[in-house]
Amino acid sequence: MSVSATASAFHRLLLTGAAGGLGVELRRRLPAHCAVLRVSDIAPLGEARAREELRPADLADAGAVLALLEGVDAVVHLGGVSTEQPWEAVLPANIVGVVNLYEAARRQGVRRVVFASSNHVTGFYRQDQVIPAGAPPKPDGFYGLSKAFGEDVAQLYFDKHGIETVSLRIGSSFAAPRDRRMLHTWMSFDDLERLVVAALGARDVGHSIICGVSANPRVWWDNAPAAHIGYVPRDSSAPFAPAIERATPPGDPRDPAVVYQGGAFVRQGPGK
Ligand code: NAI
Ligand code: 15L
(Lines give C-alpha, C1' and ligand atoms only; values in the text may rest on other atoms or scores of the structure.)
(Ligands and ions follow the chains in the order given, each with its own letter.)
Protein backbone atom coordinates (compact mmCIF):
# COMPACT_ATOMS: atom_id res chain seq x y z
CA MET A 1 0.00 0.00 0.00
CA SER A 2 1.15 3.56 -0.67
CA VAL A 3 0.02 6.73 1.07
CA SER A 4 -2.24 9.06 -0.93
CA ALA A 5 -0.65 11.21 -3.61
CA THR A 6 0.14 14.87 -3.05
CA ALA A 7 0.23 17.76 -5.47
CA SER A 8 3.99 18.29 -5.48
CA ALA A 9 5.87 21.48 -6.08
CA PHE A 10 8.62 19.41 -7.65
CA HIS A 11 8.89 18.72 -11.33
CA ARG A 12 11.97 16.46 -11.31
CA LEU A 13 13.04 14.56 -8.18
CA LEU A 14 16.32 12.65 -7.96
CA LEU A 15 16.38 9.42 -5.95
CA THR A 16 19.88 8.07 -5.23
CA GLY A 17 20.33 4.53 -3.92
CA ALA A 18 17.28 3.59 -6.00
CA ALA A 19 18.37 -0.08 -6.33
CA GLY A 20 18.59 -0.59 -2.55
CA GLY A 21 16.03 -1.82 -0.03
CA LEU A 22 14.46 1.58 0.67
CA GLY A 23 15.18 2.79 -2.85
CA VAL A 24 13.02 0.06 -4.35
CA GLU A 25 10.13 1.13 -2.08
CA LEU A 26 10.50 4.85 -2.79
CA ARG A 27 11.02 4.28 -6.50
CA ARG A 28 7.55 2.73 -6.55
CA ARG A 29 5.99 5.43 -4.38
CA LEU A 30 7.60 8.78 -5.31
CA PRO A 31 6.08 9.07 -8.81
CA ALA A 32 2.80 9.91 -7.04
CA HIS A 33 4.50 13.03 -5.70
CA CYS A 34 6.40 14.40 -8.71
CA ALA A 35 6.20 14.73 -12.49
CA VAL A 36 9.52 13.02 -13.29
CA LEU A 37 11.56 10.72 -11.06
CA ARG A 38 15.26 10.44 -11.91
CA VAL A 39 16.65 7.25 -10.35
CA SER A 40 20.33 6.56 -9.76
CA ASP A 41 22.54 3.86 -8.27
CA ILE A 42 25.87 2.16 -8.84
CA ALA A 43 23.97 -1.17 -8.95
CA PRO A 44 21.71 -2.22 -11.86
CA LEU A 45 18.40 -0.32 -12.02
CA GLY A 46 16.54 -2.44 -14.58
CA GLU A 47 14.26 -0.86 -17.17
CA ALA A 48 12.98 2.73 -16.98
CA ARG A 49 9.33 2.95 -15.91
CA ALA A 50 6.74 5.58 -16.85
CA ARG A 51 7.88 9.13 -16.00
CA GLU A 52 11.31 7.85 -14.97
CA GLU A 53 14.85 8.71 -16.03
CA LEU A 54 17.62 6.15 -15.37
CA ARG A 55 21.00 7.65 -14.47
CA PRO A 56 23.55 5.10 -13.20
CA ALA A 57 26.35 6.85 -11.31
CA ASP A 58 29.05 6.31 -8.72
CA LEU A 59 28.64 8.88 -5.96
CA ALA A 60 32.44 8.99 -5.60
CA ASP A 61 32.73 10.38 -9.16
CA ALA A 62 32.34 14.16 -8.85
CA GLY A 63 31.77 14.71 -12.57
CA ALA A 64 29.10 12.04 -12.76
CA VAL A 65 27.31 13.47 -9.72
CA LEU A 66 27.43 17.00 -11.16
CA ALA A 67 25.70 15.74 -14.29
CA LEU A 68 23.25 13.70 -12.21
CA LEU A 69 21.86 16.81 -10.51
CA GLU A 70 21.36 18.86 -13.67
CA GLY A 71 17.73 19.99 -14.00
CA VAL A 72 16.72 18.50 -10.65
CA ASP A 73 14.43 20.35 -8.17
CA ALA A 74 15.16 18.23 -5.09
CA VAL A 75 17.12 15.14 -4.06
CA VAL A 76 16.21 12.16 -1.89
CA HIS A 77 19.68 10.90 -1.05
CA LEU A 78 19.65 7.24 -0.04
CA GLY A 79 22.79 6.11 -1.87
CA GLY A 80 25.88 4.87 -0.07
CA VAL A 81 27.16 2.22 2.31
CA SER A 82 24.30 1.35 4.67
CA THR A 83 25.96 -0.95 7.22
CA GLU A 84 29.18 -1.02 9.22
CA GLN A 85 32.01 -1.53 6.69
CA PRO A 86 35.78 -1.02 6.54
CA TRP A 87 36.82 2.62 6.24
CA GLU A 88 38.05 2.00 2.67
CA ALA A 89 34.44 1.28 1.65
CA VAL A 90 32.81 4.02 3.72
CA LEU A 91 35.14 6.80 2.57
CA PRO A 92 34.30 6.98 -1.17
CA ALA A 93 30.56 6.32 -0.91
CA ASN A 94 29.58 8.22 2.24
CA ILE A 95 32.27 10.88 2.74
CA VAL A 96 33.46 11.77 -0.78
CA GLY A 97 29.97 10.93 -2.09
CA VAL A 98 28.09 13.31 0.18
CA VAL A 99 30.48 16.19 -0.55
CA ASN A 100 30.09 15.49 -4.28
CA LEU A 101 26.32 15.56 -3.87
CA TYR A 102 26.22 18.94 -2.08
CA GLU A 103 28.80 20.50 -4.39
CA ALA A 104 26.67 19.39 -7.32
CA ALA A 105 23.54 20.78 -5.61
CA ARG A 106 25.28 24.13 -5.15
CA ARG A 107 26.52 24.27 -8.74
CA GLN A 108 23.21 23.11 -10.25
CA GLY A 109 21.01 25.35 -8.07
CA VAL A 110 19.20 22.52 -6.24
CA ARG A 111 17.52 23.97 -3.12
CA ARG A 112 16.30 20.92 -1.14
CA VAL A 113 17.86 17.62 -0.07
CA VAL A 114 16.37 14.85 2.03
CA PHE A 115 19.35 13.00 3.47
CA ALA A 116 19.06 9.41 4.74
CA SER A 117 21.08 9.64 7.92
CA SER A 118 20.90 6.91 10.54
CA ASN A 119 20.23 6.13 14.17
CA HIS A 120 23.88 4.93 14.21
CA VAL A 121 24.89 8.61 14.46
CA THR A 122 23.70 8.25 18.06
CA GLY A 123 24.28 4.52 18.55
CA PHE A 124 26.31 4.94 21.74
CA TYR A 125 23.46 6.47 23.74
CA ARG A 126 22.07 3.93 26.16
CA GLN A 127 18.82 2.08 25.65
CA ASP A 128 17.56 3.43 29.01
CA GLN A 129 17.84 7.02 27.70
CA VAL A 130 15.36 9.08 25.69
CA ILE A 131 17.31 11.52 23.52
CA PRO A 132 16.07 14.45 21.39
CA ALA A 133 15.92 14.00 17.62
CA GLY A 134 18.92 16.27 17.07
CA ALA A 135 21.04 14.89 19.93
CA PRO A 136 24.81 15.43 19.58
CA PRO A 137 26.43 12.53 17.76
CA LYS A 138 27.76 9.49 19.59
CA PRO A 139 28.44 7.34 16.52
CA ASP A 140 28.87 3.61 16.94
CA GLY A 141 31.32 2.98 14.05
CA PHE A 142 32.70 4.24 10.75
CA TYR A 143 29.21 4.06 9.22
CA GLY A 144 27.59 6.19 11.95
CA LEU A 145 30.55 8.56 11.78
CA SER A 146 30.03 8.99 8.04
CA LYS A 147 26.35 9.83 8.57
CA ALA A 148 27.31 12.39 11.25
CA PHE A 149 29.68 13.88 8.66
CA GLY A 150 26.85 13.96 6.12
CA GLU A 151 24.66 15.89 8.59
CA ASP A 152 27.51 18.38 9.11
CA VAL A 153 27.89 18.80 5.35
CA ALA A 154 24.15 19.51 5.16
CA GLN A 155 24.50 22.15 7.91
CA LEU A 156 27.48 23.76 6.12
CA TYR A 157 25.65 23.98 2.79
CA PHE A 158 22.61 25.53 4.49
CA ASP A 159 24.64 28.11 6.42
CA LYS A 160 26.88 28.98 3.49
CA HIS A 161 24.63 28.47 0.46
CA GLY A 162 21.02 28.28 1.73
CA ILE A 163 20.48 24.71 0.49
CA GLU A 164 17.86 23.25 2.83
CA THR A 165 18.10 19.67 4.12
CA VAL A 166 16.01 17.42 6.27
CA SER A 167 18.35 14.79 7.70
CA LEU A 168 16.41 11.66 8.61
CA ARG A 169 17.99 9.62 11.38
CA ILE A 170 16.24 6.48 10.21
CA GLY A 171 15.76 3.74 12.78
CA SER A 172 15.05 0.35 11.14
CA SER A 173 12.92 0.56 8.01
CA PHE A 174 11.89 -2.89 6.88
CA ALA A 175 8.61 -4.60 6.02
CA ALA A 176 8.30 -5.63 9.69
CA PRO A 177 10.41 -5.37 12.85
CA ARG A 178 12.85 -8.30 13.05
CA ASP A 179 13.89 -8.40 16.72
CA ARG A 180 13.28 -6.88 20.16
CA ARG A 181 15.42 -3.82 19.40
CA MET A 182 13.38 -3.01 16.31
CA LEU A 183 10.24 -2.78 18.46
CA HIS A 184 11.80 0.60 19.41
CA THR A 185 13.44 1.55 16.12
CA TRP A 186 11.05 0.31 13.41
CA MET A 187 9.58 2.51 10.68
CA SER A 188 7.09 1.07 8.21
CA PHE A 189 7.48 1.72 4.48
CA ASP A 190 4.23 3.75 4.50
CA ASP A 191 5.60 5.96 7.27
CA LEU A 192 8.89 6.24 5.36
CA GLU A 193 6.95 7.59 2.39
CA ARG A 194 5.01 10.00 4.65
CA LEU A 195 8.27 11.21 6.18
CA VAL A 196 10.09 11.72 2.88
CA VAL A 197 7.12 13.52 1.32
CA ALA A 198 6.79 15.77 4.40
CA ALA A 199 10.54 16.47 4.32
CA LEU A 200 10.39 17.40 0.63
CA GLY A 201 7.42 19.72 0.98
CA ALA A 202 7.84 21.48 4.35
CA ARG A 203 8.73 25.17 4.31
CA ASP A 204 11.64 26.79 6.09
CA VAL A 205 13.35 23.61 7.29
CA GLY A 206 16.86 25.09 7.22
CA HIS A 207 18.77 22.01 8.28
CA SER A 208 16.41 19.91 10.42
CA ILE A 209 17.26 16.57 11.99
CA ILE A 210 14.26 14.25 12.40
CA CYS A 211 14.07 10.65 13.56
CA GLY A 212 12.72 8.19 11.03
CA VAL A 213 10.52 6.02 13.20
CA SER A 214 6.90 4.89 13.38
CA ALA A 215 4.59 5.62 16.34
CA ASN A 216 6.04 2.77 18.37
CA PRO A 217 5.02 2.44 22.02
CA ARG A 218 8.62 2.01 23.21
CA VAL A 219 10.53 5.23 22.65
CA TRP A 220 14.24 6.10 22.65
CA TRP A 221 13.88 9.32 20.63
CA ASP A 222 11.86 12.46 21.32
CA ASN A 223 10.79 13.27 17.78
CA ALA A 224 9.13 16.64 18.51
CA PRO A 225 10.81 18.34 15.47
CA ALA A 226 8.85 15.95 13.24
CA ALA A 227 5.74 18.05 14.00
CA HIS A 228 7.52 21.07 12.51
CA ILE A 229 7.79 19.36 9.11
CA GLY A 230 4.30 17.83 9.35
CA TYR A 231 5.32 14.18 9.75
CA VAL A 232 2.68 12.20 11.61
CA PRO A 233 3.47 8.46 11.70
CA ARG A 234 0.47 6.14 11.53
CA ASP A 235 2.02 2.72 12.02
CA SER A 236 3.36 1.03 15.14
CA SER A 237 5.52 -1.94 16.08
CA ALA A 238 3.01 -2.88 18.82
CA PRO A 239 1.15 -5.60 16.85
CA PHE A 240 4.48 -7.37 16.18
CA ALA A 241 5.61 -7.43 19.82
CA PRO A 242 3.95 -10.64 21.09
CA ALA A 243 5.38 -12.84 18.31
CA ILE A 244 8.88 -11.32 18.57
CA GLU A 245 8.94 -11.65 22.35
CA ARG A 246 7.76 -15.27 22.14
CA ALA A 247 10.42 -16.11 19.55
CA THR A 248 13.44 -14.37 21.15
CA PRO A 249 14.46 -14.28 24.83
CA PRO A 250 15.66 -10.93 26.24
CA GLY A 251 19.40 -10.43 25.63
CA ASP A 252 22.11 -10.48 28.29
CA PRO A 253 21.87 -7.05 30.02
CA ARG A 254 25.70 -6.86 30.05
CA ASP A 255 25.93 -7.28 26.26
CA PRO A 256 26.86 -3.90 24.68
CA ALA A 257 24.32 -4.65 21.96
CA VAL A 258 21.64 -4.63 24.67
CA VAL A 259 23.06 -1.67 26.61
CA TYR A 260 23.36 0.74 23.66
CA GLN A 261 20.79 1.97 21.13
CA GLY A 262 22.96 1.00 18.17
CA GLY A 263 22.52 -2.69 19.02
CA ALA A 264 24.93 -5.07 17.28
CA PHE A 265 26.60 -2.17 15.40
CA VAL A 266 28.38 -1.14 18.63
CA ARG A 267 30.25 -4.47 18.58
CA GLN A 268 31.49 -3.95 14.99
CA GLY A 269 33.75 -1.45 13.30
CA PRO A 270 37.03 0.17 14.33
CA GLY A 271 39.27 -2.25 16.21
CA LYS A 272 36.90 -5.23 15.86
P1 NAI B 1 20.90 -0.36 0.74
O2 NAI B 1 22.29 -0.75 1.07
O3 NAI B 1 19.91 -1.43 0.42
O4 NAI B 1 20.90 0.70 -0.45
C5 NAI B 1 21.94 1.63 -0.64
C6 NAI B 1 22.16 1.78 -2.12
O7 NAI B 1 23.24 2.69 -2.33
C8 NAI B 1 22.53 0.45 -2.82
O9 NAI B 1 21.62 0.16 -3.85
C10 NAI B 1 23.94 0.69 -3.32
O11 NAI B 1 24.20 0.07 -4.58
C12 NAI B 1 23.98 2.21 -3.44
N13 NAI B 1 25.35 2.68 -3.38
C14 NAI B 1 26.35 2.29 -2.54
N15 NAI B 1 27.50 2.88 -2.85
C16 NAI B 1 27.24 3.69 -3.90
C17 NAI B 1 28.04 4.56 -4.67
N18 NAI B 1 29.35 4.73 -4.44
N19 NAI B 1 27.46 5.22 -5.68
C20 NAI B 1 26.14 5.07 -5.95
N21 NAI B 1 25.32 4.26 -5.25
C22 NAI B 1 25.88 3.58 -4.22
O23 NAI B 1 20.38 0.50 1.98
P24 NAI B 1 18.87 0.85 2.38
O25 NAI B 1 18.47 -0.02 3.50
O26 NAI B 1 18.02 0.95 1.19
O27 NAI B 1 19.08 2.31 3.00
C28 NAI B 1 18.99 3.45 2.19
C29 NAI B 1 19.64 4.62 2.93
O30 NAI B 1 19.00 4.80 4.18
C31 NAI B 1 21.12 4.38 3.22
O32 NAI B 1 21.81 5.61 3.08
C33 NAI B 1 21.14 3.94 4.67
O34 NAI B 1 22.35 4.31 5.31
C35 NAI B 1 19.94 4.71 5.22
N36 NAI B 1 19.33 4.02 6.36
C37 NAI B 1 18.59 2.89 6.17
C38 NAI B 1 18.01 2.26 7.25
C39 NAI B 1 17.12 1.06 7.09
O40 NAI B 1 16.56 0.61 8.08
N41 NAI B 1 16.92 0.52 5.88
C42 NAI B 1 18.23 2.73 8.61
C43 NAI B 1 19.05 3.91 8.69
C44 NAI B 1 19.57 4.54 7.60
C1 15L C 1 20.91 1.31 9.57
O2 15L C 1 21.44 2.42 9.53
C3 15L C 1 21.05 0.34 8.47
O4 15L C 1 21.12 0.98 7.22
C5 15L C 1 19.94 -0.70 8.43
O6 15L C 1 20.35 -1.76 7.59
C7 15L C 1 19.62 -1.24 9.83
O8 15L C 1 20.64 -2.00 10.29
C9 15L C 1 19.31 -0.08 10.76
O10 15L C 1 20.32 0.93 10.72
C11 15L C 1 19.12 -0.50 12.23
O12 15L C 1 19.72 0.12 13.10
O13 15L C 1 18.34 -1.41 12.47
Which residues, counting only those in segment 102-129, are within 16 Å of ligand 1 (Cβ to nearest atom) and β-branched (Val, Ile, Thr)?
Val113, Val114, Val121, Thr122
Could you check segment 130-201 for helices (runs of 4 or more DSSP H) lying wholly inside it with 3 or more residues that are of a type outside the set (A, V, I, L, M) and under 17 Å from His120 (Cβ atoms)?
142-161
Test: Lys160 is modelled with pLDDT of 95 or more and within 15 Å of ligand 2 (Cβ to nearest atom):
no
I'd like to know if segment 25-46 contains one or more residues that are within 16 Å of ligand 2 (Cβ to nearest atom) and within 22 Å of Asp191 (Cβ to Cβ).
yes
Those residues that are within 15 Å of Arg180 (Cβ to Cβ), in contact with a helix residue (DSSP H, G or I) (Cβ under 6 Å, 6 or more places away or on another chain) and part of a loop (DSSP other than H, G, I, E, B), I need them from segment 217-241; list them, please.
Pro217, Arg218, Trp220, Ser237
Of residues in segment 81-104 being surrounded by fewer than 23 Cβ atoms within 10 Å (Cβ to Cβ) and charged (D, E, K, R), the one nearest to ligand 2 (Cβ to nearest atom):
Glu88
Can you confirm whether Leu22 is in contact with a Ser or Thr (Cβ under 9 Å, 6 or more places away or on another chain), assigned to a loop (DSSP other than H, G, I, E, B) and either within 16 Å of ligand 2 (Cβ to nearest atom) or not hydrophobic (A, V, I, L, M, F, W, C) (or both)?
no
Of all residues in segment 144-177 being of a type in the set (D, E, K, R) and more than 10 Å from ligand 1 (Cβ to nearest atom), which is nearest to Ser236 (Cα to Cα)?
Glu151
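The values are calculated or read from the model by the stated rules, or taken from the named source; none is laboratory data. Only a predicted model underlies this, so the values are computations on that prediction, with no experimental measurement involved. Cβ sites come from the backbone with ideal geometry, for glycine too, and all protein chains shown count toward neighbours.
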